[in-house]
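Student: Quick one: this structure, given as structure tokens, is what I'll be asking you about.
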Amino acid sequence: MDDAKESPAADNWYLGCDIGGTFTDFVLCEPSRRELRKFKLLTTPGDPSDGFLEGVRTLAEDVPDLLAQTDAVMHATTLAINAIIERKGAPTALITTKGFRDVLEIGREKRYDMHDIFQSFPEPLVPRRWRFEAKERLYADGSVCIPIDLASVEALVPTIRNEAITSVAICFLHAYANADHERAAAEVLAKHLPDVAITLSSDLLAQVGEFERSCTTAANAYVKPIMRTYLKKVDDSLREQGFGGRLFLTLSNGGLTSHNTARDYPIRVVESGPAAGAMGAEVIARRLNLDKVMAFDMGGTTAKICIIRDGELMRVNAFEVAREARFKAGSGIPLQVPVVDLLEIGAGGGSIAASNALGMLEVGPKSAGAAPGPACYGRGGTAPTVTDADVLLGYIAPKAFLGGRMALDLDASAAAMRAGVATPLDTTTSAAAWAVHDLINENMAAAARVHFAERGEDPAEYVMLAFGGAGPVHAAGLAYKLGIREVVIPVSAGIFSALGFFTSPMMYDAVRAYRIELDMMDVEHVRDVIAELSKEVAQFLEVDDLSDIDWHASVDMRYVGQGYDIPVNLPNDALPDPKAIADLFDDAYTKLYGRTCIGVEREIINVRVSARREVLGVKALNFETPSPDDARPLATRQAYRPGDADFADFNVVQRTEMIPGQPIAAPCIIEETESTTVFPYTGHADMDGEGNIHLYLREGDA
């Protein structure tokens, strides 16, 4: 259960909860006393809020009046992304300009693989029978071409009602330049259908790109009712138990937002869980003065990789979900929301291993999840998984899992591995287990190589920061394949994403379309747009203005004729001068592509304002400090060592028994309540003064 038992004297507890595909992680901290409590339980897939509330009740057993003493609850959930991927969102309609009913299917008319004649695209979230047209039309500058015919909107009401549609997306052509038509249509629907959720593209995403704007608006509408219901249940339950603080959700860009904003714009929290861990990794990278960090988060269902350069996470303003082809851009549903630049892979502890029709081993992306889970969980699972392989290899001690609260069934793992992998491939159980472990590492390494190459980076120049329940188990193996020589395992690695909430600021990004060639840019107009966006951002961040918080303006730019743009940050202390912007664009473009295009005009597409406001004031994540006691003698146990292709003695130590400056020779296993660090290669492990474990791989050795 939790690590500490004494009742606190302070009254400013912070609670973080990260709901993953397999486990739900909780962290309770009191920063002034550096007190930390941790808890982990299996996710409840039927209703994730059940697991959330169960964990809160469990923590409250040892902290009287916990919620009454809690200032803030920070929460990340995969509810929105799962609803999109599994197609379990609300019945949704799309109302668009006459003639644009099929934009969700037409898309960009671009093939993501020129050589695949069988390629497919994800089905639109809104089926064609629920995509409707309204008589209206705007020009690109926002002026009216055809006034909106509100009777054509009102005529849709009976159909929407009879089809039991609970959410409507309104996305008119060029509404980013003039929102009047969308708002008029929304008023008509709200009058006749007061219980139907409505999403306007002009409120959600006021920028060019008809296909992307339509997809994003439809996706927001698709998940809005279920997120509203979920968040209301969570908030009401917390209030009933005495909670009087604030409930925050993690945004996809790693920041926090109020639960009210998340209810209206749930698409902004679609990648909330992975982003929270990335924010924590950013803090660790800064504290350790590491300029090149690869954050690696592996849980029960997926693995996530992101790049941190010079203490800053890489972020983008668009990404895809529900891809038909793994790792192939253009094969998914495009969403235009600010997000941490994450690579997400269907590789986790629950990834299922099997022999395919060609007699070859496959691992993932299908996962056993929390129900039934890996065979060793004893919850009815019979398929062999990565966790079963790790248990059979001696990397995870069956009796020490989750600090001994959840014993694992070694015999069940062996039976599943024999039936699912060893017998079909005519090999031994231990060889099958190593093949599963090594293949999942190779799958992640292959994806990471592509991710780094696309950004002009070499992973071998990076330090890996590994966390998540399965991350430390696989970190050394992944690092070895990528040529990385140092791996850092942060404090509380197994629940690190939940811990990352405490350093996250409130964040908000606002955007306005403004397409013009740079030489013709109206400086005063851009300044006015920045001022308008600043007011919008300040409102969401609950401040009077942005003068006393961290903010910056930027423009999305490209060469005239290009289909893709790049962000260019503008200086806060100077007017947006065209010559200065041109130089900034050239620098950014050269960094990405190695050259500029001489003689081609540059153009601005969008203007953005982004800001962050600190709300918790927690500056570090090292709540735990190394033990001052003398290190105890090392234990040993048999585990699989790839260099020997056999089982060998591994040094085994509890993380709480490690002493800074006293290295442990590899091969070694370092155990803690929520995770296990496995180092099967040549080298040594050490701990720094803040409690982070460092694995040093010796080059050329295995």
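The values are calculated or read from the model by the stated rules, or taken from the named source; none is laboratory data. Here the structure is a predicted model, which means the values were calculated and not measured. Glycine gets a Cβ as well: all are built from the backbone with ideal geometry, and neighbour counts include every protein chain shown. When the accessible area is computed, the model is the full protein with side chains, heavy atoms only, and any ligands, DNA or RNA have been set aside. Shrake-Rupley method; radii C 1.70, N 1.55, O 1.52, S 1.80 Å.
Student: Which of the residues that make up the stretch 448-485 are at positive phi and free of Cβ contacts under 8 Å to residues at least 60 places away in the same chain?
Tutor: Hit for the stretch 448-485 is 483, nothing else.
Student: To continue, here is another question. Looking at the stretch 281-301, I want the residues that are assigned to a loop (DSSP other than H, G, I, E, B) and have a partner that is polar (S, T, N, Q) with Cβ atoms under 8 Å, at least 6 apart or on another chain. Which pairs are those?
Tutor: 288/692; 299/22; 300/22; 300/367; 300/387; 301/22; 301/351; 301/367
Student: Just one of the numbered conditions (1) in contact (Cβ under 8 Å) with a residue 24 or more places away in the chain; (2) open to solvent by less than 60 Å² (accessible area, probe 1.4 Å); (3) outside any loop (DSSP other than H, G, I, E, B) is not true of residue 161; which one?
Tutor: (2)
Student: Can you give me the number of residues within the stretch 405-451 that are surrounded by fewer than 15 Cβ atoms within 10 Å (Cβ to Cβ), assigned to a loop (DSSP other than H, G, I, E, B) and charged (D, E, K, R)?
Tutor: 2
Student: Next up: Mind checking which residues of the stretch 524-563 are of a type in the set (A, V, I, L, M) and either assigned to a strand (DSSP E or B) or farther than 18 Å from residue 176 by Cα (or both)?
Tutor: Once the filter is applied, which keeps residues that are of a type in the set (A, V, I, L, M) and either assigned to a strand (DSSP E or B) or farther than 18 Å from residue 176 by Cα (or both), the stretch 524-563 yields 538, 541, 543, 546, 549, 553, 555, 557, 560.
Student: For residues that are open to solvent by 70 Å² or more (accessible area, probe 1.4 Å), modelled with pLDDT of 90 or more and within 31 Å of the chain's Cα centre (by Cα), tally how many sit in the stretch 578-622.
Tutor: 1
Student: Return the only residue of 252, 237 being closer than 20 Å to residue 78 by Cα, open to solvent by 20 Å² or more (accessible area, probe 1.4 Å) and touching a residue at least 24 places away in the same chain (Cβ under 8 Å).
Tutor: 237
Student: Under the condition of being touching a residue at least 60 places away in the same chain (Cβ under 8 Å) and part of a helix (DSSP H, G or I), which residue from the stretch 378-397 is nearest to residue 642 (Cα to Cα)?
Tutor: Only one residue tops the list, namely 390.
Student: Residue 29 fails exactly one of the following numbered conditions: (1) assigned to a strand (DSSP E or B); (2) closer than 30 Å to residue 337 by Cα; (3) open to solvent by less than 30 Å² (accessible area, probe 1.4 Å); (4) of a type outside the set (Phe, Trp, Tyr). What is the number of that condition?
Tutor: Every listed condition holds for residue 29 apart from (2).
Student: Of all residues in the stretch 654-672 being under 23 Å from residue 389 (Cβ atoms) and touching a Lys or Arg at 6+ places or on another chain (Cβ under 8 Å), which is surrounded by the most Cβ atoms within 10 Å (Cβ to Cβ)?
Tutor: Here the answer is 669.
Student: Hey, can you tell me all the residues within the stretch 255-267 that are touching a Lys or Arg at 6+ places or on another chain (Cβ under 8 Å) and assigned to a loop (DSSP other than H, G, I, E, B)?
Tutor: Residue satisfying the conditions is 255 alone.
Student: If I filter the stretch 372-390 for residues that are out of contact with any Pro (no Cβ under 6 Å at 6 or more places or on another chain), open to solvent by less than 50 Å² (accessible area, probe 1.4 Å) and polar (S, T, N, Q), do I get at least one hit?
Tutor: Within the stretch 372-390, not a single residue is out of contact with any Pro (no Cβ under 6 Å at 6 or more places or on another chain), open to solvent by less than 50 Å² (accessible area, probe 1.4 Å) and polar (S, T, N, Q).
Student: Between 190, 177, which is at pLDDT 95 or above and open to solvent by 20 Å² or more (accessible area, probe 1.4 Å)?
Tutor: Matching residue, one of 190, 177: 190.
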